[in-house]
Amino acid sequence: MSKYSQEAKDAYDGIEEAGTSCTITRVTGGGGPLGGGTTTTQRNTYLVETSFNTMEVDGTSVLRTDLKLIIPAHNLPIYPSPGDTVTYAGRTVRIIDTVPVAPDGTPIIFEVQARR
């Protein structure tokens with residue numbers, strides 16, 4: 001058990017209380033010459049939406065309209081990854097990048113760059 005397990009649970013509780021519910025969706029498969037089937041995985045959690053500060057916006061990697069989503073890692077069996085989508089507050093955004101905050105290698109939260 002990580003020494004940061006309680007911090008991860010506390011982060012989840014705080015984001016659940018202050019944030020909004022969301023669904024992370026991942027679609028995999030469908031590649032190859034024969035197409036193949038796809039698999040859709042969805043996980044419900046919570047998030048807090050913020051924005052990038054002007055020092056982080058470079059107009060190429062991070063756009064002025066990109067969103068920063070703070071998603072708790074506690075009880076989340078998948079890491080939010082580029083290509084996944086997040087649906088919340090009546091809209092769906094695409095994940096561009098994810099940075100885990102993980103002091104000992106165990107994520108507490110994910111800072112997610114998302115684009116409409």
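Key figures
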quantity: 5 angstrom amide H check on residue 108, placed H, neighbours 5+ away; calculated: 101, 102
quantity: Cα centroid separation, segment 38-72 to segment 1-32 (Å); calculated: 13
quantity: Of the trypsin sites (Lys or Arg not before Pro) in segment 10-99, those whose Cβ has at most 16 other Cβ within 10 Å and which sit in DSSP loop; calculated: 64
quantity: Viscosity 1.567 mPa s, temperature 4 °C, Stokes-Einstein D of segment 23-116 from Kirkwood C-alpha radius, µm²/s; calculated: 91
quantity: Within segment 15-116, GluC sites (Glu not before Pro) in DSSP loop having at most 13 other beta-carbon neighbours inside 10 Å; calculated: 56
quantity: For segment 57-98, alpha-carbon Rg and Dmax in angstrom; calculated: 11.5, 34
quantity: For the chain: accessible area per residue (Å², 1.4 Å); calculated: 59
quantity: Of all accessible heavy-atom area on segment 71-116, the percent that carbon and sulfur account for (1.4 Å); calculated: 52
quantity: Paramagnetic reach from residue 60 (point 7 Å along Cα→Cβ, amide N under 12 Å) across segment 70-93; calculated: none
quantity: For the chain: relative contact order, % (alpha-carbon pairs under 8 angstrom, 6 or more apart); calculated: 28
quantity: Neighbourhood net charge (14 Å Cβ-Cβ; Lys/Arg +1, Asp/Glu -1) for residue 6; calculated: -2
quantity: Segment 34-87 - Rg (one decimal) and Dmax (whole number), Cα, Å; calculated: 14.7, 46
quantity: Under-5 Å amide H pairs with residue 97, H placed in peptide plane, nonlocal only; calculated: 113
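The values are calculated or read from the model by the stated rules, or taken from the named source; none is laboratory data. All values derive from a computational prediction rather than experimental measurement. For neighbour counting, all protein chains shown are included, and Cβ atoms are generated from backbone atoms with ideal geometry for every residue, glycine included. Ligands, DNA and RNA are excluded from the accessible area calculation, which covers all protein heavy atoms including side chains. Shrake-Rupley method; radii C 1.70, N 1.55, O 1.52, S 1.80 Å.
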